[in-house]
Each structure stands twice: as C-alpha cells, then as structure tokens.
Amino acid sequence: MENQDKKTMTLNLTQAEMRALEELSALKDLSKTAVLRQALRLYQMIDQRARRGEKIYFENDAKDKAELMLI
Amino acid sequence: MEASEVYLLRVVDGQMVRAELFDDLSEQHITLWQRTWLPAMQEAIPRLVAAKVPQADWPQDLLWDWRKKTNWASSLLGMRSFCIVCAGNLEGMMMANLIKTCRLEEQRHKELVYVEFVSTAPWNRAKLLVKPRFHGIGKVFVRVAIELSMHEGFEGRIGLHSLPQANEFYRSRCQMSELAPDPKKEGLVYFEMTPEQATRFLEDN
C-alpha cells in the first residue's frame, strides 16, 4: 500500500507548537508524523478550494455560520 | 504505481481467480473504463426500461464520470484511488478520502478512511445481467479501505454513504454500524466501521 519513496526532514518547533502537536497526537490516537500528514492534506485541500474562489465556513449546532478567512 | 494480488470469485465455475489491485488510477485504466464500461452501461439502460425497473432502483453510479473524478483527486494528498484488473479487464474502481472524521459517538472526531466512490464493472452486476462474471469486488474494496486505514494509523476505521442497492451488503455482510440517513447526502444511509468490526471483517473474509 503506497510504497512511495519517503524523504526525511528535521522540523524545528517552538514549545507551544510541540505541545499542540502532542495534544493532537494524544487526542487523535495518531503518531506525530501522522498528525502532520493529516494537517498537510487538509491544508492543501482548503488552499486549493480557496484558490478557486470558494468560501469555507464553520457551522455550530445553532446553525450560526462563521467564515474561515484565509489570508 | 504498485500492483498487488487479490482474488475474485468467478461465478460461472465457482473458481477463485487471480486479479491485480492497483493503488492508483492511470490514464490506461480510465481509457478502459471509457471503452468497456460506458458502452455496457448504455446498453443496460434500455433493458432496465423494458424490465420496468423503477429509476430509483437503477445502479446509481451508471453515469459517474471517472475521468472527472480522477482529475479532481489526482492532485490531492488526501485522496487515494484503487482499481482491480483481471485478465486485462477493469473489474472495479474505488476512491477514498483520508481527511474525514468519524461520526459514531464512540469514535467521534477520530480519523477514518471515507470511501467516496466505489463501482464495479457492469458485467459484475446482478441487476444488469442474469449471471455476473465475478463476485467479491465489493469485499475486496472494503478490505483495501480497512488496510489503508491501518496503514495510515486510523486502526481500521472506515466510513461511507451507501447507495440504496448496497445497504444490505454493508449492513449484513460487512457488519458495519448503521447511522441515520443523511439529509446532506440525498438521504443516503451512512455506515461506519470501528477497529473491532474491521478486525472481525479481516478475520472472516
């Protein structure tokens, strides 16, 4: 399954960034590498849709919508 | 692109036949879809009309455009495509999304492999032919989705919206958890598999 060549990189994170990564890793039951892969997949997809002029919204239970502004 | 070995049940003699599972959809596969599936689908429509099959019961993926879907998915890191080829014939295709999360309360917000599209060749459909060529394409793809989920660290969790004609397959044969019909997905029933259900599926199939 997806036996592509993998590249290695060193990632320098601040304490706060590492803490957030560790929290997500624990919350999602994923390795830190898997969390970063998911983040990249999601970011790429959002960026592609935003570039096409689409808007991204968050909606709560009360159906209030908030637009995610990408700058 | 990698190919691995899978087996399909040939209906005519009950033999298990070796096929190749590809972990991508190439131009060659899409050309095969265009050359072989589309004419067979077009031929099936008059038969469905003559048999007075209500349009709601027609295979709803008849008109899916796999070229468009592949063009859309190929640039996205979060999408994976698969197909099964046997003796040079395209027998099934599947597209899975890796950036969706679970809906079942017990695993809510955890990552899963969401099966966006899955389709089997027209000659493998009992609805279109008296005797389909192969059985087991759906099960192979469920296994592939589970294995992809495990490979990604999602522990076998998968989810999908089922077309009406496939509800029984996911409910009974795959033993997936059934959630309410989804009004945001044309009322299609949503099914989800937990890690325990995935392990059981792999053991039993």
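The values are calculated or read from the model by the stated rules, or taken from the named source; none is laboratory data. In this text, all values refer to a predicted model and were calculated from it rather than measured experimentally. Quick reminder, even Gly has a Cβ in these numbers, built from the backbone with ideal geometry, and neighbours come from all protein chains shown. Side chains are part of the model used for accessible areas, which takes the heavy atoms of the whole protein and leaves out ligands, DNA and RNA. Shrake-Rupley method; radii C 1.70, N 1.55, O 1.52, S 1.80 Å.
When you scan segment B:57-79, do you find a residue that is under 26 Å from residue B:177 (Cβ atoms) and within 14 Å of another protein chain (Cβ to nearest Cβ), even just one?
Yes, segment B:57-79 has at least one match.
Filter segment B:4-21 down to residues that are in contact (Cβ under 8 Å) with a residue 60 or more places away in the chain and open to solvent by 40 Å² or more (accessible area, probe 1.4 Å) and give me whichever is farthest from the other protein chains (Cβ to nearest Cβ).
Only one residue fits best here, namely B:12.
Where in segment B:142-205 are the strands (runs of 3 or more DSSP E), entirely inside, with at least 1 residues that are among the small types (Gly, Ala, Ser) and modelled with pLDDT of 95 or more?
Result: B:158-162, B:177-182.
Starting from segment B:24-53, take each residue that is in contact (Cβ under 8 Å) with a residue 40 or more places away in the chain and list its partners that are open to solvent by 40 Å² or more (accessible area, probe 1.4 Å) and assigned to a helix (DSSP H, G or I), counting only C-beta distances under 7 angstrom and pairs at least six apart or across chains.
B:30/B:67
Take the residues in segment A:6-30 that are more than 14 Å from the chain's Cα centre (by Cα) and open to solvent by less than 80 Å² (accessible area, probe 1.4 Å); name whichever of them is farthest from the other protein chains (Cβ to nearest Cβ).
A:14
Would you check if residue B:80 is open to solvent by 10 Å² or more (accessible area, probe 1.4 Å) and modelled with pLDDT under 95?
no
Where residues in segment B:143-166 are aliphatic (A, V, I, L, M) and open to solvent by 10 Å² or more (accessible area, probe 1.4 Å), which of them is nearest to the other protein chains (Cβ to nearest Cβ)?
If we take residues in segment B:143-166 being aliphatic (A, V, I, L, M) and open to solvent by 10 Å² or more (accessible area, probe 1.4 Å), then B:150 is nearest to the other protein chains (Cβ to nearest Cβ).
Buried (at least 23 other Cβ atoms within 10 Å of the Cβ) and either basic (Lys, Arg) or in contact (Cβ under 8 Å) with a residue 12 or more places away in the chain (or both): does that describe residue B:94?
Taking the combined requirement at face value, the residue satisfies it.
Are any of the residues in segment A:33-40 within 13 Å of chain B (Cβ to nearest Cβ) and more than 14 Å from the chain's Cα centre (by Cα)?
no
Take segment B:105-137 and flag every residue that is surrounded by fewer than 19 Cβ atoms within 10 Å (Cβ to Cβ) and either in a helix (DSSP H, G or I) or free of Cβ contacts under 8 Å to residues at least 24 places away in the same chain (or both).
Within segment B:105-137, B:105, B:106, B:108, B:109, B:123, B:126, B:129, B:130 meet the criteria.
So if I check each of B:58, B:64, B:72, which one is open to solvent by 10 Å² or more (accessible area, probe 1.4 Å), in contact with a Phe, Trp or Tyr (Cβ under 7 Å, 6 or more places away or on another chain) and within 25 Å of residue B:188 (Cα to Cα)?
B:64
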